[in-house]
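J.: Below are the structure tokens for one structure; questions will follow.
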């Protein structure tokens, strides 16, 4: 799209046109008794083209007026604006996560079940969930000690590769359940999410953090580390981080006269602490005993913490007056040169 930033300057062409008309109507005339002799004399090319310098000056003035009106060339651009969620996934890898659970008819460890739903939660191509393509996601794992496996990132392929390396704690020296330390570490990462974005977002896009959350998946009680679950919750509340806590359990079939009932195994499970940290931070708590429940929990988190994306189209204008100004300068230079050489006049 082409436009003039100062179109009213084009009004200068009106007095210029009036000046040309006036000059043509006020030419100097000389009276002669007879023009027969003059008509018999053939005109030279200089006299035939005598109006060239004037034409060049007029064209130069027209180009100069156009340059003053500031012509601009516009091109359509698209600016991506995302209001995403910064998510810290906190995954328990203690030995108890090696217990078996029903996962879509398959008998998997709790950790493997969590990892599968984790993949679906992040990547829409992995399963039934919508995925979180516009979110900044990081991962912290823990047993006796908390480890930051992946910093907050928009590169989810890298995150999923690192998820595949998460294994159960095998050595007794590293086994345990440090929920408080893991949540506090994830919260510290989320606290610096804005600085992380500055390094990862590129030109032409705007990304703003809509909310910061932690998705905690564990099947045990806090029995290691320096921080209690409540202390970690207070820290999250101070930093504006919500905790969605998911207790990962299994169910135990009990045969009764009325049929087979599923009873969640709750041994060593600190239901009270997980509910408390969710309440303190404004999050929510669920107990997940199978794959379907895990998916439904993640789907509910999807609804509670939705990302937004908008593509804003706009016209980016660049100045285009330079060629007109250069053309005016060139025309005036040529006109001056011709008046001092070929069409030079002596008063």
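J.: Among the residues of the range 120-146, count how many are buried (at least 19 other Cβ atoms within 10 Å of the Cβ) and either in contact with a strand residue (DSSP E or B) (Cβ under 9 Å, 6 or more places away or on another chain) or free of Cβ contacts under 8 Å to residues at least 60 places away in the same chain (or both).
T.: 13
J.: Kindly provide the set of residues from the range 147-189 that are in contact with a strand residue (DSSP E or B) (Cβ under 8 Å, 6 or more places away or on another chain), surrounded by fewer than 22 Cβ atoms within 10 Å (Cβ to Cβ) and in a loop (DSSP other than H, G, I, E, B), ordered by number.
T.: Answer for the range 147-189, where residues must be in contact with a strand residue (DSSP E or B) (Cβ under 8 Å, 6 or more places away or on another chain), surrounded by fewer than 22 Cβ atoms within 10 Å (Cβ to Cβ) and in a loop (DSSP other than H, G, I, E, B): 154, 165, 166, 168.
J.: Are there any helices (runs of 4 or more DSSP H) wholly within the range 231-347 with 1 or more residues that are over 34 Å from the mean Cα position of the chain (by Cα) and either over 30 Å from residue 61 (Cα atoms) or at pLDDT 80 or above (or both), and if so which?
T.: Answer list for the range 231-347: 271-281, 322-340.
J.: Additional query: Residue check: is residue 201 surrounded by fewer than 19 Cβ atoms within 10 Å (Cβ to Cβ) and either assigned by TED's automatic domain parsing to the domain that holds residue 151 or modelled with pLDDT under 90 (or both)?
T.: In short, yes.
The values are calculated or read from the model by the stated rules, or taken from the named source; none is laboratory data. Owing to the predicted nature of the structure, the values given are computational and were not obtained by experimental measurement. Note that we place each Cβ from the backbone using ideal geometry, even for glycine, and neighbour counts take in every protein chain shown.
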